[in-house]
1. May I ask you to order 136-148, 321-333 by the average number of other C-beta atoms within 10 Å around their residues, highest value first?
2. Quote the relative contact order of segment 247-545 in percent (integer), defining contacts as alpha-carbon pairs under 8 Å separated by 6+ residues.
3. FRET efficiency for residue 146 and residue 441, Cβ-Cβ distance as r, R0 = 30 Å, nearest 0.05?
4. How do 482-494, 401-413 rank on mean C-beta neighbours within 10 Å, highest first?
5. Tell me, 299, 102 in order of fewest to most beta-carbon neighbours within 10 Å?
6. Using DSSP, restrict attention to beta bridges with both residues in segment 279-428 and report what percent are antiparallel, rounded to the nearest 5.
7. Per-residue ellipticity at 222 nm for the chain, helices alone: DSSP H runs ≥ 4 residues times -39500 (n - 2.57), over residue total, nearest 500 deg cm²/dmol?
8. Give me the percent of DSSP beta bridges within the chain that run antiparallel, rounded to the nearest 5.
């Protein structure tokens, strides 16, 4: 009898599987080393570069004893996994907020981010997304060390070939650097992406520490801190003053994009209708400290007159006693209220820092209608409830209110429609509207639909606001209307400014005469060449214009 032999097929299958794992390991490490941190840079050319850090790793493995090489591979794999997670965070933060992730304070946004995701896609969807993110992080921290360990064995088993490959790639990288050769226009052959990531974030941490000290000094330097109430806001005595934030109302809404057409029309129509009702407006731009979200940073910046661009600054600010616009109105004798329809829990800083007498939120305005994704109620109901609870009260004292209009908050679908103000009631008139509108999961499949939905949401908020003013027929009504930030990059585009429109609306000509020296433009729509101020400069200019001081404050640095 002849000898029995094992079938060859399983052996070939194992070898094929082994080489497939090796190729996937190489590809995974390569991508982790050179992947860009912005969505707009995720092109095939971005991955056709030579990661110099990878060449250094191969040289290091060749120079070390086998055991030390394996230990080095595992440690480098863990570090590369952490840096890849950091790169993914940068990718997400650039897409949402047009800036990189900041290690010192951005971790505090995880809770609010989960809450926003729950409001947008439901709690179950948010939990699934969080679990998926956790599994991705765990996978990176496990698979990248294993991949580098496998590459270490490959290099050790093919030393001569590895040396030749490293030499060839090093020569190509050097020649491209000397000659200026590019994979495509603007993309160098040699990549130091991972080293650049480490350097950038190390410098960012250093700068964040230094800037925090400067911020604390700015908070302490408040020239309005001790001004008596009798000298504050004398030019607005007897007026009901509304500070209205329109969610995501940015410069992109009024110029330079497809969705700006309907918004421009709404602003021009609104200007004409307000004029017919006896109201005038002046408009310009402010530069917001935030982009795409984190609205409370913009609110606190405008109110306090200091640049609040991260959570640590916000927490430090609201723990102190710096004078806010609402605090100034309270000191001068106004009743002060806040209308925050997105809140469903207590907010102690509203009383201790902003000095509001009353805070209206989702729990105490009597709303019995449906939600619209993030928006717990339509803007029209928010304004109707404020009028019912405050302005319609007999012989009410002058009121100053901050009002948040959130129907234009992402995901911008579904949207409510305007109804007759007398029909608003308890909000049940809106019951059928969510099912009649677009759902977020349909809108967000196509960037063009997202952009169109954004424009429609801004139109709704602006139409609601101008209709409210006309319907009020109140000659003593004054509004400061502005956006909190630009919408996310999917709408604003990469590299967009952080500018937001701002308008002051009044029926009394004396109110706008006070700001005649500001150079603001007539109407609700600021033109591209309208003045642009940093948002933290508004408080001092406003208090100066409407107080007893002829001094024009300098624009504060930030």
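1. Numbers: 136-148: 17.5, 321-333: 21.1.
The peptides rank, most packed first, as 321-333, 136-148.
2. Values: 552 pairs, mean separation 107.0, N = 299.
Computed over segment 247-545, the figure is 36 percent.
3. 0.25
4. Values: 482-494: 22.9, 401-413: 25.2.
Order by mean packing, descending: 401-413, 482-494.
5. Numbers: 299 23, 102 20.
By the 10 Å Cβ count, ascending, the order reads 102, 299.
6. Working: 1 of 10 bridges.
Expressed as a percentage, antiparallel bridges in segment 279-428 total about 10.
7. Values: 19 runs with 273 residues, N = 558.
The helix contribution divided over the chain gives -16000 deg cm²/dmol.
8. Values: 18 of 45 bridges.
The antiparallel fraction comes to roughly 40 percent.
No value in this document is a laboratory result; all are computed from the given coordinates. What you are looking at is a predicted structure, and each value in this text was computed from that prediction instead of being measured. Quick reminder, even Gly has a Cβ in these numbers, built from the backbone with ideal geometry, and neighbours come from all protein chains shown.
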